[in-house]
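Novice: The structure that follows is given in the form of structure tokens.
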Amino acid sequence: MFESLSDRLSGVLDKLTKQGALSDADVSTALREVRVALLEADVSLPVARDFIKAVQEKATGQNVTKSVTPGQQVVKIVHDEMVHFLAGDDANAGQLKIDNAPAPILMVGLQGSGKTTTTAKLAKRLAERDKKRVLMASLDTNRPAAMEQLAILGTQIGVDTLPIIKGETPVQIAKRAKQQATLGGYDVYMLDTAGRLHIDQELIQQAADVRDVTKPRETLLVVDGLTGQDAVNVATEFDDKIGVSGVVLTRMDGDGRGGAALSMKAVTGKPIKFVGLGEKMDALEEFHPERIAGRILG
Ligand code: GDP
């Protein structure tokens, strides 16, 4: 597995500096190691570069306190900066806007990203924790199995799904979901859009049409956290074409170091709202910047 950043740094840095201020040279040496750690964690190169620059400015000239080694001190500066970077400035960024019932939540993402699973996980969370009445609808008219999958998950978690009517278009389903949510007194209705293996014009147009008829309060992009740089490209594309209000990173229970989170935040500026941590319906967590920072830094 990966060598932890603290170990990496104490090796190179503790030889150089005793106590006193961190010099330019010390910081540069340390940051070379940080850069390697970031790249190993699948953070994209430009993002790693910008991040290192920000840390460099913070760290140079800082006094090393007696209780820690210079290596530990740099790790702390890097860690704090990363948490700040991941969290962003908006204190409410992690909250879902689901007032004005029925609030539409549009779920978008590539096929296999975990979109349907995440739709159900989030519905369960809203129903159980927030006591919301939730209706889910699948718009994946190309894949009947995906529509059935959502219905099965709905039964499993005790959340209603919109009955499937064959031959409807995604926009027709979305309109019916809105109507049913309004008439049925639901607080939230979640629209699980079709996924493809790659982004294509038809997929984007479909999601944009659904967005236009429902005016979602949240458009959540579900991305596989293990896909690294690809995840960032996907996020940029969806955000440009459809407009994304937040990101859910799935498969963060896997072996990856989660560097996609940092790249994603840096490139799109969109808040990461939730993290998927497994296949089970409870394996969804609010995004905790300090946990991901710890994991990226090792
Ligand atoms: P979709 O095509 O985007 O709707 O993807 P699905 O929701 O069908 O998920 C694809 C596969 O990924 C399923 O086997 C899910 O159980 C699995 N999956 C989804 N989220 C996670 C996660 O956070 N961790 C793990 N380990 N598996 C996940």
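The values are calculated or read from the model by the stated rules, or taken from the named source; none is laboratory data. If you're wondering where the values come from, they're calculated on a predicted model, not measured in any experiment. When we count neighbours, we look across all protein chains shown, and the Cβ atoms used for this are built from the backbone with ideal geometry, even at glycine. Surface areas here come from the heavy atoms of the whole protein model, side chains and all, with no ligands, DNA or RNA. Shrake-Rupley method; radii C 1.70, N 1.55, O 1.52, S 1.80 Å.
Novice: Can you run phi through the Karplus equation (6.51, -1.76, 1.60; θ = phi - 60°) for segment 113-130 and list ³J(HN,Hα) in whole Hz, with x for Gly and Pro?
Specialist: Per residue, the Karplus-derived 3J(HN,Hα) values read 6, x, 5, 5, 4, 5, 4, 5, 4, 5, 4, 5, 5, 5, 5, 7, 7, 9 Hz.
Novice: Can you give the charge dipole size of the chain about its Cα centre, rounded to the nearest 20 debye, using +1 on the beta carbon of Lys and Arg and -1 on the beta carbon of Asp and Glu?
Specialist: It comes to approximately 480 debye.
Novice: In degrees between 0 and 90, to the nearest 10, how far off the longest principal axis of the chain does helix 170-183 point, with axes built from Cα atoms?
Specialist: 80
Novice: Measure nothing fancy, just the Cα-based angle from helix 229-241's long axis to the longest principal axis of the chain, in degrees from 0 to 90, nearest 10.
Specialist: Orientation of helix 229-241: about 50 degrees from the principal axis.
Novice: First check a/c for segment 241-298, with a ≥ b ≥ c the square roots of the eigenvalues of its C-alpha gyration tensor; if it is under 1.5, answer rounded, and if not, answer prolate when a/b is larger than b/c or oblate otherwise.
Specialist: oblate
Novice: Mind telling me which of Val223, Val68, Val248 comes out most flexible in a GNM of the chain, alpha-carbon contacts under 10 Å?
Specialist: Val68
Novice: For segment 261-298, which GluC sites (Glu not before Pro) are both in a DSSP coil and crowded by at most 16 other Cβ atoms within 10 Å?
Specialist: Glu279
Novice: Among Gln172, Gln149, Phe85, whose Cα projects farthest towards the positive end of the dipole of segment 58-175, with charges put on the beta-carbon of Lys, Arg (+1) and Asp, Glu (-1)?
Specialist: The listed residue farthest towards the positive side: Gln149.
Novice: Ok, one more. Per residue, how much accessible area does the chain show when a 1.4 Å probe rolls over the protein heavy atoms, in square angstrom?
Specialist: 46
Novice: Among Asp209, Asp130, Asp160, which one shows the highest mean-square fluctuation when the chain is modelled as a Gaussian network with alpha-carbon springs under 10 Å?
Specialist: So, out of Asp209, Asp130, Asp160, the one fluctuating most is Asp130.
Novice: Another one. Can you list residues whose amide H is under 5 Å from Thr219's amide H, if they're 5+ apart or on another chain and H is modeled 1.01 Å from N?
Specialist: Those qualifying (amide H under 5 Å, at least 5 residues apart or on another chain) are Leu106, Ser245, Gly246.
Novice: Only Cα pairs within less than 10 Å get springs; with that Gaussian network setup on the chain, which residue of Asp224, Asp282, Asp90 has the largest fluctuation?
Specialist: Asp90
Novice: In addition: Can you tell me the equivalent ellipsoid semi-axes for segment 129-261? Use √(5λ) from the Cα gyration tensor, largest first, whole Å.
Specialist: Whole-Å semi-axes of the equivalent ellipsoid: 25, 18, 15.
Novice: While we're looking at this one, here's another question. Between the helical axis of 201-214 and the dominant principal axis of the chain, each derived from Cα atoms, what acute angle in degrees is found, rounded to the nearest 10?
Specialist: Between helix and principal axis, roughly 70 degrees.
Novice: Can you tell me the order of 163-170, 256-263, 92-99 when each peptide is scored by its average per-residue count of other Cβ atoms within 10 angstrom, highest first?
Specialist: My ranking of the peptides, most packed first, is 256-263, 92-99, 163-170.
Novice: Could I ask something else about it? On alpha-carbon atoms, Rg over Rh for segment 31-168 using Kirkwood Rh?
Specialist: A ratio of 1.18.
Novice: Counting only protein heavy atoms, what percent of the accessible surface of the chain is carbon or sulfur at a 1.4 Å probe?
Specialist: So the carbon and sulfur contribution to the accessible surface is 50 percent.
Novice: Treat segment 54-93 as a sphere of radius equal to its Kirkwood radius over Cα pairs and apply Stokes-Einstein at 37 °C in a medium of 0.692 mPa s; give the translational diffusion coefficient in µm²/s, rounded to a whole number.
Specialist: In µm²/s, the coefficient is 292.
Novice: Give me the percent of Cα-Cα pairs in the chain that sit more than 32 Å apart, rounded to a whole number.
Specialist: Here the tail beyond 32 Å accounts for 33 percent of pairs.
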